[in-house]
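K.L.:
Take this structure, written in structure tokens, and hold onto it; I'll ask about it next.
The values are calculated or read from the model by the stated rules, or taken from the named source; none is laboratory data. Predicted model, so just to flag it, every value in this text is computed and none were measured. Cβ atoms come from the backbone with ideal geometry, glycine included; neighbour counts cover every protein chain shown.
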Amino acid sequence: MITPPDYQVMGEDGQEYGPVSDEQIRAWVAEHRLERKSPVKPPDSRDWVFLESLPEFAGLFAPPAPPPPKRQLQKWPAAILIALAAGLILLVLKAIKHH
């Protein structure tokens with residue numbers, strides 16, 4: 001019988017958990033207990049890596065959504081804004097004069 005590889009997992013509380021099977025890791029991802037940036041030490045490794053960097057788990061995470069496009073504000077020339085303000089002032093003065 002082949003034993004599945006075991007992983008070490010670093011919890012949000014800073015504690016190491018393991019050995020943990022790949023099935024358990026998949027279950028914890030489904031339960032939102034682990035995320036793409038969760039530190040994991042693969043079998044036969046001394047280094048911690050992010051869970052998403054391991055090919056066997058990369059497919060568990062949807063690709064990140066692209067950032068929304070930046071809206072560019074319309075740049076109105078100062079002369080247009082001054083003309084609009086002046087026109088509004090003239091309309092108000094005209095309305096006051098007729099009352």
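K.L.:
Among the residues of the stretch 15-29, which ones are touching a residue at least 12 places away in the same chain (Cβ under 8 Å) and small (Gly, Ala, Ser)?
P.N.:
Once the filter is applied, which keeps residues that are touching a residue at least 12 places away in the same chain (Cβ under 8 Å) and small (Gly, Ala, Ser), the stretch 15-29 yields Gly18, Ser21.
K.L.:
Let me ask you something else. In the stretch 45-64, which residues are over 16 Å from Met10 (Cβ atoms) and touching a residue at least 12 places away in the same chain (Cβ under 8 Å)?
P.N.:
Glu56, Leu60, Phe61 - these are the residues of the stretch 45-64 that are over 16 Å from Met10 (Cβ atoms) and touching a residue at least 12 places away in the same chain (Cβ under 8 Å).
K.L.:
Looking only at residues in the stretch 1-45 that are closer than 20 Å to Pro55 by Cβ and among the small types (Gly, Ala, Ser), which one is surrounded by the fewest Cβ atoms within 10 Å (Cβ to Cβ)?
P.N.:
Out of the qualifying residues, it is Ala30.
K.L.:
Restricting to the stretch 54-65, name every residue that is out of contact with any Lys or Arg (no Cβ under 9 Å at 6 or more places or on another chain) and at pLDDT 85 or above.
P.N.:
Scanning the stretch 54-65 gives Leu54, Pro55, Glu56, Gly59.
K.L.:
Quick check on the stretch 24-32. Is at least one of its residues at pLDDT below 90 and hydrophobic (A, V, I, L, M, F, W, C)?
P.N.:
no
K.L.:
Would the stretch 79-94 turn up any residue that is loosely packed, with under 10 Cβ neighbours inside 10 Å, assigned to a helix (DSSP H, G or I), at pLDDT below 80 and not acidic (Asp, Glu)?
P.N.:
yes
K.L.:
How about the stretch 1-21: which of its residues are within 17 Å of Glu56 (Cα to Cα), over 25 Å from the mean Cα position of the chain (by Cα) and either of a type outside the set (Ser, Thr, Tyr) or not in a strand (DSSP E or B) (or both)?
P.N.:
Thr3, Pro4, Pro5, Asp6, Gln8, Pro19, Val20
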